[in-house]
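Asker: Okay, handing you the structure first.
What follows draws every value from the coordinates through simple rules; no lab data is involved. All figures in this text were calculated on a predicted structure; none of them were measured in a lab. Neighbour counts are summed over all protein chains in view; Cβ atoms, including those assigned to glycine, are modelled from backbone coordinates with ideal geometry.
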Amino acid sequence: MITQHCGACRIDTVEESTGPFRTPAGIFADATDELIAPHLSWMAPDYMDADTQMLLFSFKSFVIRTGRLNILVDACVGNHKERPGRPQWHQQNWPWMANLNAVGLTPEDIDIVMCTHLHIDHVGWNTQLVDGRWVPTFPNARYVFSADEYRHWETLIGGSEVGDNVFNDSVLPVVEAGRADLVKNDHEIDHGIVLEPTPGHTPGHVALHLDNGGDTALFTGDLFHHPLQIAEPQLSSVVCTDADLSRQSRYDFLNRYGDSDAMIYPAHFTGTEIGKIVSAGEGWRFDFVVE
Ligand SMILES: [Zn+2]
């Protein structure tokens, strides 16, 4: 759990789970042994499990408190979700809500829920099971979804791409309850808080860009799954909708924010989780915040 500040805003991590996820080649199709070899020394033990050779992933949300708004960024996998095709995410009972409470917040305190995209591990806590029905977890919140992203998955209802049930139990109930705002990919949530298009992983994938008091924070969702992709940005994941566009979005982002003071908050990095992008040789590396 990390508490940071961006200007006058407080930012907390709310973790759901962390651990070995997949081997490099299991998540990045182009991650050959030769490509990975020079990175093994820095990846283990904080970002790769030395025993299994699996990359470590964390699944978490961030909460931004601006003083005017409490904004939840991404909503993890969720509890009690029926995910028969994904044993590690099926009928779970994680302490995510206790972790939200531990940073001093209840569901009633959340004003905005913003999902970087509508994949299975970013929408789960959007809803909770009450008397056998999926209802919005945050009773006072508006939920901000990219309209492009929503339309994409809406057309694939019943398909397997997002895992069975995800759209129907974690997205649609929010829309049906009248709590969703389907927005453009450069939507302004509040002064200094705007969506930034980062398409490719999914068609309407967006980052959240926060400027406050001269500081900048970027909540980048799955633009980068793992710090390996900062050093090797050509690596798109096997679950990217458009691998070429995903790659291009990473190069554009690195060129835009590399060697700046912008603090990057990716959805799945382990260790100290957040950091800055700094140049390294002809490429980039992730300079983690030191705790
Ligand atoms: Zn994800």
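Asker: Which members of segment 48-84 meet the condition of being more than 16 Å from the ligand (Cβ to nearest atom) and part of a loop (DSSP other than H, G, I, E, B)?
Answerer: ALA50, ASP51, THR52, GLN53, THR66, GLY67, ARG68, LEU69, ASN79, HIS80, GLU82, PRO84
Asker: For GLY221, state whether it is more than 15 Å from the ligand (Cβ to nearest atom) and in contact (Cβ under 8 Å) with a residue 12 or more places away in the chain.
Answerer: When the stated conditions are applied, GLY221 does not pass them.
Asker: If I go through segment 100-116 residue by residue, how many of them are in a helix (DSSP H, G or I) and more than 19 Å from PRO136 (Cβ to Cβ)?
Answerer: So in segment 100-116, the residues in a helix (DSSP H, G or I) come out as 100-102, 107-109.
Okay, now just the ones that are also more than 19 Å from PRO136 (Cβ to Cβ), so 102.
Of the residues in segment 100-116, 1 are in a helix (DSSP H, G or I) and more than 19 Å from PRO136 (Cβ to Cβ).
Asker: Here's something else I'd like to know. From ASP261, ASP211, ASP244, which residue is assigned to a strand (DSSP E or B), in contact (Cβ under 8 Å) with a residue 12 or more places away in the chain and among the charged types (D, E, K, R)?
Answerer: ASP211
Asker: Shifting gears a bit: Specify the residue that is nearest to ASP215 (Cα to Cα); the eligible residues are those in segment 252-270 that are within 16 Å of the ligand (Cβ to nearest atom) and of a type outside the set (A, V, I, L, M).
Answerer: Filtering first and then ranking leaves TYR265.
Asker: Identify all residues within segment 1-52 that are in contact with an Asp or Glu (Cβ under 7 Å, 6 or more places away or on another chain) and surrounded by 14 or more Cβ atoms within 10 Å (Cβ to Cβ); write none if there are none. Before the answer, list the steps.
Answerer: Step one: filter segment 1-52 for residues in contact with an Asp or Glu (Cβ under 7 Å, 6 or more places away or on another chain), giving 1-3, 6-7, 13, 20, 35.
ILE2, CYS6, GLY7, THR13, PRO20, LEU35, listed by residue number.
Asker: Can you tell which of PHE219, PHE269 is part of a strand (DSSP E or B), closer than 28 Å to ALA8 by Cβ and out of contact with any helix residue (DSSP H, G or I) (no Cβ under 9 Å at 6 or more places or on another chain)?
Answerer: PHE219
Asker: Being within 16 Å of the ligand (Cβ to nearest atom), among the charged types (D, E, K, R) and closer than 15 Å to GLY204 by Cα narrows it down to one of GLU154, GLU149, so name that one.
Answerer: Numbers: GLU154 fails: within 16 Å of the ligand (Cβ to nearest atom).
Just a single option satisfies the conditions, and that option is GLU149.
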